[in-house]
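Trainee: What follows is a structure written as structure tokens; I'll ask about it next.
Laboratory data are not the source of any read-out in this text; all were calculated from the coordinates shown. Quick caveat: nothing in here was measured; it's all calculated off a predicted structure. Here the Cβ positions follow ideal geometry from the backbone for every residue, glycine too, while neighbour counts run over all protein chains shown.
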Amino acid sequence: MYNIAHYSYPKQGFNIHINGSFHCCLRYKQLHSLHEQLKRSLPSIALPSFPPKKLLSLTPNQIEQRRLSLERYIQLVGQDPVLCRSELLRAFLLNAQQESSFTECSEVTLDVYLMNGYRISASVYTTDCTGKVLEKACALIDLPKDRACYFALYLMRKEASGALAIVKRLMEFEAPYISAKRWDDCKLVLRTGYWDACYDLELMRDRIALNLLYLQAMSDVERGWIVTTRDQSEQLTNMQARGSKSEYLDVVRKLPLYGCLQFPRACVDYPEPNTVATVVLGNKELNLLTYVGKEMQETKFKVTRIRCWRVTPIHINEDNQSSTGGGYGRQQQSSSHASSHQQQQSSSSSTISLELSFEYLMAKNQLKWITIYSEQSMLMSVCLQSIVDELLNQKNGSDPAHLQNPQHVEYAPLSYIRRDGSNHCITDSSSTDTLCNLVNNDSSSNNGTSTQQHSTNNGSSFIRRKLKEFNTTVRFKNGKDSVQNEAFEWIGDDDL
């Protein structure tokens, strides 16, 4: 889920947004330095062209052109199967987040919660990456390392209605402490990071992993994320009272919507315009749950029949008129959207909403666009991308660990240039000591950027061996370009 860049004053910095939320602010010279180091470290890779330097000061039009060129560059880097899995890129993004957030390296206690509310208080560094925090949290509950890769960290919050909502999944190139501070109304939550319930069988062989699955399943049943009949609910309650965890999971794994993520109710244009539905993603499907009286109706859309999708920002003015800001396709699913920093400041009379549109194969040779209007469109797009990633990963015969672990390539350490021009050597995104040195040596240096969260996201995909965490943002002016779903190619007449 890579990002799009926004120009911000006064230091000609570009605000980088990943999966719809602000990640860091970088100057041109910092991105240029990354480009040069990637070129030296991976000489066999044909890098995309980098926007050239200018001798004179840039005009506003030239600044915008540079922004678009850098955005395109980031997109292409994220689409490359080697570059997007490079530890150099991970380390660069991690350090950029630390610098932009003015975070000094120090040891803190970070709370990670299980789905039942149990709190794990882990001693971490403020600059630890997601993988390291996940590893420390899992160690505190005695979860074996070879099982930890099946889990992930999420930011979740309780809505005004009391419902629990997932805000985002944390990626390896970000520090959970920093990300959690930005979303101060959210909690860090540990839950499974895969979609196919077949992986449950591997986890159920371990006592601790079995307990985590059991707690997560109970929580999802209680919240209504897993649909049960009255008889099934009584059966599960009896098993819970007896402490029959394996038996409980055997039953609940066969129920509708098990292993899915549920999103707050949204407006959709299917089957009729202005239909209110609950969006559910999982089991290789996107489901729309609607209610006629007290009866729930479920409309299923198979992910492998979604030809493409895109996320688009909608600008809503005070006079109730709306306009489309342009779709942002991601090169392989997980689209993104963007809007400039200046536009947001100047259009105080308007708000920006999001819509997720996907083109679905309704019948043979019959494609139809379906749109979901939701503030969580970006997260839905990310989930669609990761479902496709997992499908292709399974097709290649790999397990979930393959999606989590980058390919390690031997290369010279990364030299990270800070906004003030100082140079620092770092190794990789998991090296806490180096990151501590980087921050502490220059904690007095002044770098600036405003943390504004609305904007873009983008797509990278494992489809061509892309690490799903890096989705680049692309901005298409006509709003009609979108990402092609390569999993769609598997469909034949028999599937219809």
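Trainee: So for the range 1-102, taking the charge dipole from beta-carbon charges (+1 Lys/Arg, -1 Asp/Glu), which of 63, 95, 38 sits furthest toward the positive end?
Mentor: After comparing all options, I get 63.
Trainee: Let me ask something else about it. Nearest 0.05, what FRET efficiency do residue 139 and residue 294 give at R0 = 45 Å with Cβ-Cβ as r?
Mentor: 0.45
Trainee: Are any of the pairs 39/132; 39/302; 145/181; 181/395 more than 31 Å apart by Cα-Cα distance, and if so, which? Kindly include the intermediate steps, with their values, before the conclusion.
Mentor: Working: 39/132 28 Å; 39/302 40 Å; 145/181 27 Å; 181/395 38 Å.
Beyond 31 Å: 39/302; 181/395.
Trainee: Right, something else. Could you rank the peptides 23-30, 383-390, 119-126 by their average count of other C-beta atoms within 10 Å per residue, with the highest value first?
Mentor: Numbers: 23-30: 22.6, 383-390: 24.9, 119-126: 17.1.
Per-residue mean Cβ counts within 10 Å order the peptides as 383-390, 23-30, 119-126.
Trainee: Quick one: putting +1 on the C-beta of Lys and Arg, -1 on the C-beta of Asp and Glu, what dipole do you get for the range 62-143 around its Cα centre, in Debye to the nearest 20? Write out the running numbers ahead of the final one.
Mentor: On the way: 8 positive and 11 negative charges, 53 e Å.
That gives a dipole near 260 debye.
Trainee: I would also like to ask the following. Which translational diffusion coefficient, to the nearest whole µm²/s, is obtained for the range 19-58 from the Stokes-Einstein equation, given a Kirkwood hydrodynamic radius over C-alpha pairs, 37 °C and 0.692 mPa s? Please list the in-between numbers first.
Mentor: Details: Rh = 12.3 Å.
Answer from the Stokes-Einstein relation: 268 µm²/s.
Trainee: Could you calculate the contour length gain from residue 240 to residue 367, that is, 0.36 nm times the residue separation minus the distance between their Cα atoms, to one decimal place in nm? All intermediate terms of the calculation are to be shown ahead of the outcome.
Mentor: Working: separation 127, 0.36 × 127 = 45.72 nm, distance 4.52 nm.
Separation in residues times 0.36 nm, less the Cα-Cα distance, equals 41.2 nm.
Trainee: Moving on. I'd like to know how the range 1-152 sits against the 2.2 N^0.38 Å rule of thumb: what's its Cα Rg over that expected value? If you can, show how the numbers build up before the last one.
Mentor: Working: Rg = 18.6 Å, N = 152, 2.2 N^0.38 = 14.8 Å.
Here the Cα radius of gyration is 1.25 times the empirical estimate.
Trainee: Which whole-Hz couplings ³J(HN,Hα) result when phi for each residue of the range 139-152 is put into the Karplus expression 6.51 cos²θ - 1.76 cosθ + 1.60, θ = phi - 60°, listed in order with x for Gly and Pro?
Mentor: Coupling constants for the range 139-152: 5, 5, 10, 6, 7, x, 4, 6, 9, 5, 5, 7, 10, 9 Hz.
Trainee: Moving on to the next point. Evaluate the distance, in nm, between pseudo-label points positioned 7 Å from the Cα of residue 247 and of residue 182 along their respective Cα→Cβ axes.
Mentor: Each label point is offset 7 Å from its Cα along the Cβ direction, giving 4.7 nm.
Trainee: Return the distance in nm (one decimal) between the two label points of a simple spin-label model at residue 56 and residue 198, each offset 7 Å from Cα along Cα→Cβ.
Mentor: 6.2 nm
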